[in-house]
Each structure stands twice: as C-alpha cells, then as structure tokens.
C-alpha cells in the first residue's frame, strides 16, 4: 500500500503495550493522525486499566483527543489480520509473538519507557509523558515516512 507521498505502508497496524492505557493508545492516535486515511490502525494491551489522565492531557496538548479511549486486550480484538504488530513493552512483545505464531505478520519491538513510573510534581510527570509522546511521533514518522501530515 502506498501512502500520500508514495511511501510503502502496511494495510493494518496494531500497537500493543501492557495495559492499553498510555503507550499503545498514544501510538495508535499518532499513526491515525498521520496515516489514518490509508492505514487501519488499532491498539491493545496484555491487560487493561482505565485510560491514564496524564496520557489524555499530553495528547490533548497536540490536538488529539483521547478522552473517550476504551482500553482493550488482545482477546478483545475483533480482527487479527494485521500486516504489522508493533509492541511497546516486553510483555506485549511476548503476547504478540504468541498471537502471530501461525500468521504471516511482521512484528517489531519498540522498547518504550512507561511514563507512569516517573515521579515528581505534576509538571515533571507530564514531561515524562511528553517525552514518550514525542519519541513515538518521531519513530512513527521515521518508520512510515517523514512526509506524512505535519505535526499539529
């Protein structure tokens, strides 16, 4: 599949992390923002918890609303026909390998810090979330083509 600027893109991408509350929803939303017109994008976790309010606030800073994100697990996926699964935590990597044992799907592991482990005051914690958001943004642009839509 070709992107808006001729870049090769997978037809369907799944981002996975431990709880589908911070990293994978961020990556899903960024990928949808950049390539959502041409790529199906989803996210899940090994288990779920409520969406992280710092994640919601951090994404809101760049104009992406995740206030209604509903976390889901690998078992909640309606379809598993992905061309690419990108895991963002070791736990998700193991689950992705198990899920795709009998499937022709590419798997990539992008080790991504869990910003919920950051300590300090609100601004220091927000900075940790911003670092993860910005790193995911750049990694996605680098992997799928820097000529995607400009960052908001």
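Only the coordinates and a few stated rules stand behind these numbers; no lab work does. Every value quoted in this text rests on a predicted model; they were computed, and no experiment measured them. Here the Cβ is made from the backbone with ideal geometry for all residues, glycine too, and neighbour counts use every protein chain on show.
Couple of notes before you dig in:
- This ranking places 129, 109 by how few other beta-carbon atoms lie within 10 Å of each, fewest first, which gives 109, 129.
- Antiparallel DSSP beta bridges within the chain, as percent of all bridges there, nearest 5: 5
- Inter-part distance where region 110-140 and region 61-87 are each reduced to a Cα centre, Å: 18
- Rounded FRET efficiency, nearest 0.05, which uses the C-beta distance separating residue 108 from residue 81 and R0 of 25 Å: 0.90
- Alpha-carbon Debye profile of the chain, log10 I(q)/I(0) at 0.14 Å⁻¹: -0.63
- Estimated purely from DSSP H runs of n ≥ 4, each contributing -39500 (n - 2.57), the mean residue ellipticity at 222 nm for the chain is -11500 deg cm²/dmol once divided by its residues.
- Most mobile of 116, 89, 24 in a GNM of the chain (Cα contacts under 10 Å): 116
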